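The structure under discussion appears below in the form of structure tokens.
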Amino acid sequence: MSSDKKRVQFRAPHRLIDQTDALADVLGEDRTDILVTALREYLQEATHDDTLTQEIAAAYYDEKISFAQLKALVGAEEAANLRVLKQQLDEDFIDEVADA
């Protein structure tokens with residue numbers, strides 16, 4: 001993982017932060033480590049959900065997200081596959097319109 005870090009700030013329910021702090025104490029880590037791990041695991045799990053992957057692909061096809069964002073979400077190999085599919089879909093659409 002890159003050593004480049006970006007500072008973020010957000011609000012969360014007190015109970016969630018209290019649980020995070022308690023777990024950090026148990027594991028001998030700090031709150032940030034716990035939150036980063038939780039976020040990483042959530043994103044890893046979420047992006048392997050077929051329904052969400054379809055939503056991500058649709059967002060890419062509709063140009064709501066960039067290829068770089070797509071790659072960050074689904075990985076380089078899947079992003080490359082989706083880019084090829086998008087190009088094929090675009091070419092098919094152009095062919096259909098030309099034939100009409």
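The values are calculated or read from the model by the stated rules, or taken from the named source; none is laboratory data. As the structure is a prediction and not an experimental result, all values here were calculated from the model. Ideal geometry is used to build each Cβ from the backbone, glycine not excepted, and the neighbour counts take in all protein chains shown. Heads up: the accessible areas ignore ligands, DNA and RNA and are worked out on the full protein's heavy atoms, side chains in. Shrake-Rupley method; radii C 1.70, N 1.55, O 1.52, S 1.80 Å.
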Per-residue accessible area for Leu43 at 1.4 Å probe radius, Å² rounded to 10?
-> 80 Å²
Using a probe of 1.4 angstrom, how much of the accessible area of the chain is carbon and sulfur, in percent?
-> 52 percent
Using a Förster distance of 22 Å, how high is the FRET efficiency between Arg83 and Thr37, based on the Cβ-Cβ distance and rounded to 0.05?
-> 0.15
Place a +1 charge on the Cβ of each Lys and Arg in the chain and a -1 charge on the Cβ of each Asp and Glu, then give the dipole magnitude about the Cα centre in debye, rounded to the nearest 20.
-> 720 debye
Using only the alpha-carbon atoms of the chain, report the extent along each of the three principal axes, biggest first, to the nearest angstrom.
-> 66, 27, 22
Skip the ligands, DNA and RNA, and give the accessible area per residue of the chain with a 1.4 Å probe, whole Å².
-> 86 Å²
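Using R₀ = 41 Å, calculate the FRET efficiency as 1/(1 + (r/R₀)^6) where r is the Cβ-Cβ separation of Ala22 and Asp90; round to 0.05. Write out the running numbers ahead of the final one.
On the way: r = 51 Å, r/R0 = 1.25.
Rounded to the nearest 0.05, the efficiency is 0.20.
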Using heavy-atom solvent-accessible surface (probe 1.4 Å) with all chains present, what is the largest-first order of Val26, Val74?
-> Val26, Val74
Reported to the nearest 10 Å², Ile17 has, with a 1.4 Å probe, an accessible area equal to 40 Å²
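Arrange the residues Lys6, Lys71 by how much accessible surface each exposes, largest first, with a 1.4 angstrom probe.
Lys6, Lys71
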So which chymotrypsin sites (Phe, Trp or Tyr not before Pro) in the stretch 1-78 pass both tests, a DSSP loop state and at most 11 other Cβ atoms within 10 Å of the Cβ?
-> Phe10
